[in-house]
1. Are there strands (runs of 3 or more DSSP E) fully within segment 1-77 with at least 3 residues that are of a type outside the set (Gly, Ala, Ser) and under 17 Å from Trp263 (Cβ atoms)? List them.
2. Any residue that is in contact with a Phe, Trp or Tyr (Cβ under 9 Å, 6 or more places away or on another chain) and farther than 27 Å from Thr235 by Cα - is there at least one of those in segment 35-46?
3. Kindly indicate which of Asn333, Asn310 is part of a loop (DSSP other than H, G, I, E, B), of a type outside the set (Val, Ile, Thr) and without any contact (Cβ under 8 Å) to a residue 60 or more places away in the chain.
4. Being in contact with a helix residue (DSSP H, G or I) (Cβ under 6 Å, 6 or more places away or on another chain), farther than 25 Å from Gly197 by Cβ and not small (Gly, Ala, Ser) narrows it down to one of Trp98, Trp48, so name that one.
5. Which residues, counting only those in segment 302-315, are modelled with pLDDT of 90 or more and either surrounded by fewer than 16 Cβ atoms within 10 Å (Cβ to Cβ) or touching a Leu at 6+ places or on another chain (Cβ under 6 Å) (or both)?
6. Taking the criterion of being surrounded by fewer than 20 Cβ atoms within 10 Å (Cβ to Cβ), in a loop (DSSP other than H, G, I, E, B), free of Cβ contacts under 8 Å to residues at least 40 places away in the same chain and out of contact with any Asp or Glu (no Cβ under 6 Å at 6 or more places or on another chain), would at least one residue in segment 264-272 satisfy it?
7. Can you list residue pairs whose Cβ atoms sit under 6 Å apart, with the first residue in segment 1-25 being at positive phi and the second being crowded, with 24+ Cβ neighbours inside 10 Å and modelled with pLDDT of 95 or more? Count only pairs 6 or more apart in sequence or on different chains.
8. How many residues are out of contact with any Asp or Glu (no Cβ under 7 Å at 6 or more places or on another chain) and more than 15 Å from Asn333 (Cβ to Cβ) if we restrict to segment 252-261?
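The values are calculated or read from the model by the stated rules, or taken from the named source; none is laboratory data. Because the structure is predicted, anything quoted here is derived from the model rather than measured. Please note: Cβ atoms are built from the backbone with ideal geometry, for glycine as well, and neighbour counts cover all protein chains shown.
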Amino acid sequence: MKIGIITGSSGLIGSESVTFFAQKFDKIIGIDNNMRKVFFGSNASTEWNTQKLVEEIANFEHHAIDIRNVEELEKLFSKYGSDIKLIVHTAAQPSHDWAAREPLTDFTVNANGTLNMLEMTRLHAPEATFIFTSTNKVYGDTPNYLPLVELDKRWEIDESHPYFKEGIDEQMSIDQTKHSLFGASKVAADVLVQEYGKYFGMNTGVFRGGCLTGPNHSGTQLHGFLSYLMKCAITGDKYTVFGYQGKQVRDNIHSWDLVNMFWYFYQNPRQGEVYNAGGGRHSNCSMAEAIEMCEQITGKPMNYEYSETNRVGDHIWWISDVSKFKTHFPEWNWKYNINDILTQIFNSTIIKN
């Protein structure tokens, strides 16, 4: 039997992974205890997605396990053992602001939880492929010291810089920079996944995401930029733009495109490999540009306000260079761009509400 385990299985990337890999594996086991509701309130609950997956996917099995609970993880991994061929670890505390309020919870979920998953894999399914959704925040605020140029609706990097063509690659240092506590806990997890690959010879891959997005995102003010923006555009709730004149740039990758990267890696895995994973030059926007697109899609003006106070450690300009992944897996490419993503989020939000 071929089994896949997916943590954070009711979240954006987790649920996309469940749907994707359920078509390729005999059984998919989801681990998700709806901590997103604890982090961000009832509006961010993923319970609706859990029910949807259980009802619609026959070979899906859901477990409400906290990844900090080694005993419960041990029971699950020991039950299936070497039948486990893939672990997609997406469960996390994902907010800068929330991490600063509860550092112990943030670190134990992000770092200790990842260590627990790695150790269970090493002990019970060492031949499995372990995929980790890291973040571009492991680079801290170093990108903010690039030679940036302020344009009419966005910040951009100077055309003479090597990053102008494709974006930021994996050679950027993660040292001597302000990460935020969230970024620090993800750095710890990121390095652990690399180390289990290189030290123990396990098949592990780290995917440092840009803006991960899509129609299944339960967006809130503290996390889920495009999803929450579109939600506000539809409802008329006030959206707050934090700093940088609203010209900060993010690349946006659809959850399906990211999970398709996982699929390519699973078929030909490496040990302790690291990839930047985002929309690149193919799919990116500034906050100001995203607001304009939401207004065009909804047909009504956006209700928003501007705050001069930017979030600590926030990036002014981020575009991921995915050239390394494309070199290793040349058949992979994006399927969705920023307009596709926002339209899907709009349609999904309308249906939910």
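1. Because the criterion is at least 3 residues that are of a type outside the set (Gly, Ala, Ser) and under 17 Å from Trp263 (Cβ atoms), the strands (runs of 3 or more DSSP E) in segment 1-77 that meet it are 3-7.
2. No, there is no match, as no residue in segment 35-46 is in contact with a Phe, Trp or Tyr (Cβ under 9 Å, 6 or more places away or on another chain) and farther than 27 Å from Thr235 by Cα.
3. Checking each option against the conditions leaves just Asn333.
4. Exactly one residue qualifies, and that residue is Trp98.
5. Across segment 302-315, the qualifying residues are Asn303, Glu305, Tyr306, Ser307, Glu308.
6. There is no residue in segment 264-272 that is surrounded by fewer than 20 Cβ atoms within 10 Å (Cβ to Cβ), in a loop (DSSP other than H, G, I, E, B), free of Cβ contacts under 8 Å to residues at least 40 places away in the same chain and out of contact with any Asp or Glu (no Cβ under 6 Å at 6 or more places or on another chain).
7. Gly8/Gly14; Gly8/Asp32; Gly8/Thr90; Gly8/Ala91
8. 1
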